[in-house]
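Undergrad: Sending over a structure as structure tokens; questions will come in a sec.
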Amino acid sequence: MIIIKKYTLLIFTFFVLLPVVSATGSSWIESKIRPISINENGDILCRTRFSKNEMGAHRAMKIVYGYCIITTDSIIKYKTHVIEPDEFPAQDLKTLDKITAFRDSIFYSNFDINRLCETGHTIKKRYSFRHCNVSSYRVDKVLSINDFQKSRNINLETTHQKALNGAISTEYIEEETIHVLYDFGNILIIKNEDQMEGSGTGARFNYTKFWTDENGVKRDIGFDISFIDGVLVIN
């Protein structure tokens, strides 16, 4: 009987602790930029999508959609729509999924006057964006960092990529490759993916994620996984 009780207690302890161990996953951040139009001045209109999961929670996260205008010296950002999962009751998650799918369909669409919100129309008029004309600038090519630096006469240690919300690149992932999505001449859109343990391509960025240690000290430990579209300006 004693053996049975110990065995039963062991099973009970295992199943009690199991949900705690698997309650969270890897933290991640996604900061996406999609070019949709370029005007005569070389300014680039993009759709944007930003989301992050600081705790690795297994649930939907807040998503911020918008536009940005990329120039040779700045990223001008406009927020248009925010999806906040906490505003949806648990029994209405299908509605949340439908709204997210609708917003994502717009994010992945091209420049279309009929699918621009009020903010989009204001930007179009102010900056003279008229056409969906960026497909010819898409290259979608992975290069070694050494080859890229030589071909563009650039030092990536001193020339940093910019990303949404003021982030900049800090270091390049151990695989030492760079994935160029769009090449507008002096402005490039770079796909950066860090999937832990040095796997991925491109750069890491200084997006912050703080954690308080056992001594009460707040430390920036960064995200486990990141998907960042960066803007690289070559002067």
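The values are calculated or read from the model by the stated rules, or taken from the named source; none is laboratory data. The shown structure was predicted, so the numbers you read here are calculated from the model rather than taken from an experiment. Ideal geometry is used to build each Cβ from the backbone, glycine not excepted, and the neighbour counts take in all protein chains shown. When the accessible area is computed, the model is the full protein with side chains, heavy atoms only, and any ligands, DNA or RNA have been set aside. Shrake-Rupley method; radii C 1.70, N 1.55, O 1.52, S 1.80 Å.
Undergrad: Any residue in region 122-147 that's farther than 18 Å from Gly185 by Cβ and in contact (Cβ under 8 Å) with a residue 40 or more places away in the chain: show its pairings with residues that are open to solvent by less than 50 Å² (accessible area, probe 1.4 Å) and β-branched (Val, Ile, Thr) at Cβ separation under 6 Å, as long as the two are six or more apart or on different chains.
TA: Val142/Thr177
Undergrad: So if I check each of Lys52, Lys79, which one is open to solvent by 50 Å² or more (accessible area, probe 1.4 Å) and either modelled with pLDDT under 95 or under 22 Å from Glu118 (Cβ atoms) (or both)?
TA: Details: Lys52 fails: either modelled with pLDDT under 95 or under 22 Å from Glu118 (Cβ atoms) (or both).
Answer to the check: Lys79.
Undergrad: Let me ask something additional. Determine whether Arg204 is of a type in the set (Lys, Arg) and either under 25 Å from Ser74 (Cα atoms) or surrounded by 17 or more Cβ atoms within 10 Å (Cβ to Cβ) (or both). Outline the logic, then answer.
TA: On the way: of a type in the set (Lys, Arg): yes; either under 25 Å from Ser74 (Cα atoms) or surrounded by 17 or more Cβ atoms within 10 Å (Cβ to Cβ) (or both): yes.
Judged against the criteria, Arg204 is a match.
Undergrad: Can you tell me which residue within region 102-132, out of those that are closer than 16 Å to Arg49 by Cβ and open to solvent by 60 Å² or more (accessible area, probe 1.4 Å), is modelled with the lowest pLDDT?
TA: Step by step, filter region 102-132, then rank; the result is Arg115.
Undergrad: Considering only residues that are acidic (Asp, Glu) and within 19 Å of the chain's Cα centre (by Cα), which ones fall in region 204-235?
TA: Asp220, Asp224, Asp229 - these are the residues of region 204-235 that are acidic (Asp, Glu) and within 19 Å of the chain's Cα centre (by Cα).
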